[in-house]
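S.K.: Supplied in C-alpha cells, the structure appears directly below.
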C-alpha cells in the first residue's frame with residue numbers, strides 16, 4: 001500500500017523485472033524510433049533508461065520502401081519505412097560495441113520472411129555479447145505461407161514463436177500486432193508457445209489520401225499509424241491482455257509524457273516503450289522517468305510496482 005501523500009520525500013523504487021531482466025525503471029525505447037542507440041546518445045544519458053530496444057533487424061540488410069514513406073496525421077504519423085535496416089551481421093560488428101559500454105539492458109528487435117529466417121536471426125543474436133533479450137516483430141508477411149502475416153494468423157504465430165523459443169536461451173518478447181480481432185487470444189498463444197513477455201501495440205494500418213491527386217500520399221499506399229491518436233486503443237489492448245496472461249507486458253502506443261505512461265502501467269503493463277515522441281523531443285524518455293518518480297512521491301507510493309495493474313473497474 002502507499003504511504004500518506006507527501007509524508008516522506010524518499011526516492012521511490014522504480015525498478016521492475018521483465019522476463020528476468022532487472023530494469024532500473026520501466027521506461028524503454030520503442031524499436032524503429034531510436035535507431036541503434038548511438039544516434040540519440042548526444043541528447044541523453046543512455047544509462048538512465050530502463051532498457052534500449054534497437055531498430056528491427058533482418059538476416060540481410062534491407063533498403064526499405066520508396067519515398068514518400070512518412071506523413072503526419074492528426075495527433076500522429078503514418079510510416080511505411082519498410083523495415084529498412086543494416087542487417088544482423090553489421091549490427092553485431094559495428095553497433096553493438098558502442099552499446100556494450102552502457103549499464104543498460106539491450107533488447108534487439110528482429111524479424112524474418114520465414115520461420116527459418118527468424119530462427120537464424122535469433123541464433124546469431126543469442127551468440128552476440130551484449131544482447132540481453134530479443135523482441136520478435138511478428139507483423140511481417142510469411143512468404144512460406146502465402147504471405148500470411150505471422151502476427152495475425154494464430155496457427156502461424158504459434159509455429160514461429162515455438163520455433164524461436166527453441167533457438168534462443170535469451171528472454172523472448174513477442175511484439176503483438178493490433179490488427180487482429182482478439183488481442184488477448186494472440187497474447188495467450190504467444191505465452192503458451194514460450195514467450196517470456198509480450199509487447200503491444202505495434203502500429204495500426206492506415207492510409208492518407210492526397211485529395212488533389214486522388215492518390216495515396218505514401219508510395220506504399222498504406223502505412224502504420226503511431227502517436228497519441230492510437231493511445232486509447234493501445235491502453236485498452238494492454239488491459240485486455242493483462243486479464244488473460246501471466247507473463248509481463250510492455251505497453252506502447254502514443255506515450256508522450258509520464259501521465260500517458262501511467263495509464264499503461266495502471267492498465268497492467270510492467271514497462272512502457274516510447275516511440276514517436278522521440279522524433280519530437282529526444283529527451284522525452286528521461287522526462288517521463290522523472291515524471292513517474294514525481295508522481296509516486298506526490299501520491300505517496302514507495303514502489304512503482306504498487307500501481308501496476310491497479311486499474312479499478314466498477
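S.K.: Over region 16-306, calculate the relative contact order: mean separation of alpha carbon pairs under 8 Å at least 6 apart, over the residue count, as a percent.
M.R.: 20 percent
S.K.: Can I ask one more? Once the Cβ-Cβ distance between residue 94 and residue 67 is put in as r, and R0 is 22 Å, what FRET efficiency do you end up with, to the nearest 0.05?
M.R.: 0.35
S.K.: Return the single residue from 174, 90, 211 with maximal mean-square fluctuation; model: Gaussian network over the chain, springs between Cα atoms under 10 Å.
M.R.: 211
S.K.: In degrees from 0 to 90, rounded to the nearest 10, what is the angle of the helix 115-126 Cα long axis to the longest principal axis of the chain?
M.R.: It works out to around 50 degrees.
S.K.: Of the residues 193, 277, 219, which exhibits the maximal mean-square fluctuation in a Gaussian network model of the chain defined by a 10 Å Cα contact cut-off?
M.R.: 219
S.K.: Share of antiparallel DSSP beta bridges in the chain, in percent to the nearest 5? Mind dumping the intermediate values first?
M.R.: Working: 18 of 44 bridges.
Rounded to the nearest five, the antiparallel share is 40 percent.
S.K.: Can you tell which of 165, 270, 100 shows the greatest fluctuation in a Gaussian network model of the chain with Cα springs below 10 Å?
M.R.: The residue that fluctuates most here is 100.
S.K.: Then there's this: Compute the long axis of helix 154-167 from its Cα atoms, compare it with the longest principal axis of the Cα atoms of the chain, and write down the angle in degrees, 0 to 90, nearest 10.
M.R.: 80 degrees
S.K.: Now a separate question. What whole-number distance in Å separates the alpha-carbon centres of region 278-314 and region 15-48?
M.R.: Distance between centres, Cα-based: 15 Å.
S.K.: Residue 179 label point, 7 Å along Cα→Cβ, cut-off 11 Å on backbone N: hits in region 195-211?
M.R.: Once the point is set 7 Å along Cα→Cβ of residue 179, 203-207 turn out to lie under 11 Å by backbone N, inside region 195-211.
S.K.: Please work out the C-alpha center-to-center distance from region 161-182 to region 235-271 and express it in whole Å.
M.R.: Between the Cα centres of region 161-182 and region 235-271 lies a distance of 18 Å.
S.K.: Residues in region 283-301 near a label at residue 47, defined as backbone nitrogen under 17 Å from the 7 Å Cα→Cβ point?
M.R.: Residues 286 qualify, since their backbone N sits under 17 Å from the label point.
S.K.: With the Cα gyration tensor of region 248-312 giving a ≥ b ≥ c as the square roots of its eigenvalues, does the rule (a/c under 1.5 for rounded; else a/b larger than b/c for prolate; else oblate) give rounded, prolate or oblate?
M.R.: Since a/c reaches 1.5 but b/c is at least a/b, the shape of region 248-312 is classed as oblate.
S.K.: So, one more: Report, in degrees rounded to the nearest 10, the 0 to 90 angle that the Cα long axis of helix 183-192 makes with the longest principal axis of the chain.
M.R.: With both axes taken from Cα atoms, the answer is about 90 degrees.
Read the figures in this text as sums done on the coordinates, not as results from a lab. All values reported here derive from a predicted model rather than from experimental measurement. Positions of Cβ are generated from backbone atoms using ideal geometry, with glycine treated the same way; all protein chains shown enter the neighbour counts.
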